[in-house]
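The values are calculated or read from the model by the stated rules, or taken from the named source; none is laboratory data. Everything numeric in this text was worked out from a predicted model, so none of it was measured. All Cβ positions, even for glycine, are placed from backbone atoms using ideal geometry, and neighbour counts span all protein chains on display.
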Amino acid sequence: GQSLEQPSEVTAVEGAIVQINCTYQTSGFYGLSWYQQHDGGAPTFLSYNALDGLEETGRFSSFLSRSDSYGYLLLQELQMKDSASYFCAVREYDYKLSFGAGTTVTVRA
Amino acid sequence: GAGVSQSPSNKVTEKGKDVELRCDPISGHTALYWYRQSLGQGLEFLIYFQGNSAPDKSGLPSDRFSAERTGGSVSTLTIQRTQQEDSAVYLCASSSGLAGVGDTQYFGPGTRLTVL
C-alpha cells in the first residue's frame with residue numbers, strides 16, 4: 001500500500017518561515033504535489049515536482065528528492081491568510097493522487 | 001464553466017436511504033475524480049473517469065458506492081443504503097486528462113454528507 005507522512009500541525013508568527021516535510025512510500029511515483037485547503041474550502045493546487053530540486057512560486061517553494069522519497073513545502077514571509085491545511089500528494093500513476101493526512105498551519109500575529 | 005461545481009453543498013439523510021451527489025467538471029476536462037475526506041483527514045481516492053469510462057474504481061469502499069459519467073461531462077456518485085460511516089465531504093476534481101507530468105487536478109467545493 002501507500003503511505004505519506006507529514007506533521008499534523010505547525011504554528012508560526014507572521015513573517016516567519018515554515019517548512020512542511022513529507023516522506024512517502026508508494027507503489028508508483030510520477031511526482032509530488034502540494035495542495036492548500038482553507039477551512040471549509042476546496043483544495044487548491046500549489047505546486048508539482050516531478051524532478052529533484054527546488055521549484056519556487058512567489059512566497060512558496062517546493063523541493064523533491066526522489067532518492068530519499070522526501071519532499072517539503074516552504075512557506076516564506078508568512079501571512080495570516082496562509083493559515084490553512086497543506087497536503088502533500090504523490091502522483092502514483094499518470095492520474096492517481098494519494099494524499100497525506102495534512103498539516104494544519106496556524107499563523108499568529 | 002469557470003470551475004468545478006458540485007451539488008448539493010450539504011446533504012443530510014437518514015441511515016438506509018440512497019443519495020446522489022453531482023459533479024460538473026471544468027468545460028473541456030476529460031478526466032474526473034471523486035475523493036472522500038473525513039473530518040481532519042486527508043483525501044481518499046474513490047474513482048477516476050477518463051471520458052465516460054472508469055479505468056480505476058479501486059477506491060470505492062463497497063458495492064453500495066457507484067458512479068457514472070455521461071457525455072464526458074457531468075458525473076454522479078450514488079451511495080445506496082447509506083451508513084453513518086459514510087458521513088464525510090465528497091470532493092470532485094477534474095483535469096485536462098493529458099497523460100504525463102503536471103496534469104493538475106482542480107477541485108470543487110465538495111458535498112458535505114451527514115448520515116443520521
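Just checking, which of B:E85, B:E44 is acidic (D, E) and either within 12 Å of chain A (Cβ to nearest Cβ) or in contact with a Pro (Cβ under 6 Å, 6 or more places away or on another chain) (or both)? If you could, list the steps in order and put the result at the bottom.
On the way: B:E85 fails: either within 12 Å of chain A (Cβ to nearest Cβ) or in contact with a Pro (Cβ under 6 Å, 6 or more places away or on another chain) (or both).
Step by step, each of B:E85, B:E44 is checked, and only B:E44 is acidic (D, E) and either within 12 Å of chain A (Cβ to nearest Cβ) or in contact with a Pro (Cβ under 6 Å, 6 or more places away or on another chain) (or both).
Which residue is nearest to the other protein chains (Cβ to nearest Cβ), if the candidates are limited to the range B:8-41 and must be of a type in the set (D, E) and in a strand (DSSP E or B)?
Within the range B:8-41, the first condition is being of a type in the set (D, E), and the residues that meet it are B:14, B:18, B:20, B:24.
Pick out the ones that are also in a strand (DSSP E or B) and you get B:20, B:24.
Working: B:E20: 20, B:D24: 14 Å.
So, considering only residues that are of a type in the set (D, E) and in a strand (DSSP E or B), the one nearest to the other protein chains (Cβ to nearest Cβ) is B:D24.
Rundown of residues vs (1) surrounded by fewer than 14 Cβ atoms within 10 Å (Cβ to Cβ); (2) modelled with pLDDT of 90 or more; (3) touching a His at 6+ places or on another chain (Cβ under 8 Å); (4) of a type in the set (F, W, Y), yes/no style:
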| site | (1), (2), (3), (4) |
| --- | --- |
| B:S5 | no, yes, no, no |
| B:G16 | yes, yes, no, no |
| B:P25 | no, yes, no, no |
| B:L39 | yes, no, no, no |
| B:A54 | no, no, no, no |
| B:A67 | no, yes, no, no |
| B:S87 | no, yes, no, no |
| B:L116 | yes, yes, no, no |
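Yes or no, residue by residue, for (1) out of contact with any strand residue (DSSP E or B) (no Cβ under 6 Å at 6 or more places or on another chain); (2) more than 28 Å from B:G97 (Cβ to Cβ); (3) modelled with pLDDT of 95 or more:
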{"residue": "A:V10", "(1), (2), (3)": "no, yes, yes"}
{"residue": "A:G15", "(1), (2), (3)": "yes, yes, yes"}
{"residue": "A:E56", "(1), (2), (3)": "yes, no, no"}
{"residue": "A:E77", "(1), (2), (3)": "yes, yes, yes"}
{"residue": "A:C88", "(1), (2), (3)": "no, no, yes"}
{"residue": "A:F99", "(1), (2), (3)": "no, no, no"}
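Please go through the range A:40-88 and give me each residue that is under 22 Å from A:Q25 (Cα atoms), among the charged types (D, E, K, R) and more than 14 Å from chain B (Cβ to nearest Cβ), ordered by number.
A:D68
For the range B:69-96, enumerate the residues that are among the β-branched types (V, I, T) and in a strand (DSSP E or B).
Just the residues of the range B:69-96 that are among the β-branched types (V, I, T), to begin with: B:70, B:74, B:76, B:78-79, B:82, B:89.
Residues satisfying the conditions are B:T76, B:T78, B:I79, B:V89.
If you go through the range A:1-38 one residue at a time, how many are closer than 13 Å to A:S62 by Cβ and without any contact (Cβ under 8 Å) to a residue 24 or more places away in the chain?
Number satisfying all stated conditions: 0.
Within the range A:3-20, track down each residue that is surrounded by fewer than 16 Cβ atoms within 10 Å (Cβ to Cβ) and either hydrophobic (A, V, I, L, M, F, W, C) or more than 10 Å from chain B (Cβ to nearest Cβ) (or both).
First, pick out the residues of the range A:3-20 that are surrounded by fewer than 16 Cβ atoms within 10 Å (Cβ to Cβ): A:3, A:5, A:8-9, A:11, A:13-17, A:19.
Passing the criteria: A:S3, A:E5, A:E9, A:T11, A:V13, A:E14, A:G15, A:A16, A:I17, A:Q19.
So the check is Cβ under 6 Å with 6+ separation or different chains; which pairs have a first residue in the range A:65-83 that's touching a residue at least 40 places away in the same chain (Cβ under 8 Å) and a second one that's in a loop (DSSP other than H, G, I, E, B) and of a type in the set (K, R)?
Taking only residues 6 or more apart or on different chains, the pairs are A:Q76/A:R59; A:E77/A:R59.
A:S33 - would you say it is away from chain B (no Cβ under 12 Å), buried (at least 16 other Cβ atoms within 10 Å of the Cβ) and of a type in the set (S, T, N, Q)?
Details: away from chain B (no Cβ under 12 Å): no; buried (at least 16 other Cβ atoms within 10 Å of the Cβ): yes; of a type in the set (S, T, N, Q): yes.
For A:S33, the condition - away from chain B (no Cβ under 12 Å), buried (at least 16 other Cβ atoms within 10 Å of the Cβ) and of a type in the set (S, T, N, Q) - is not met.
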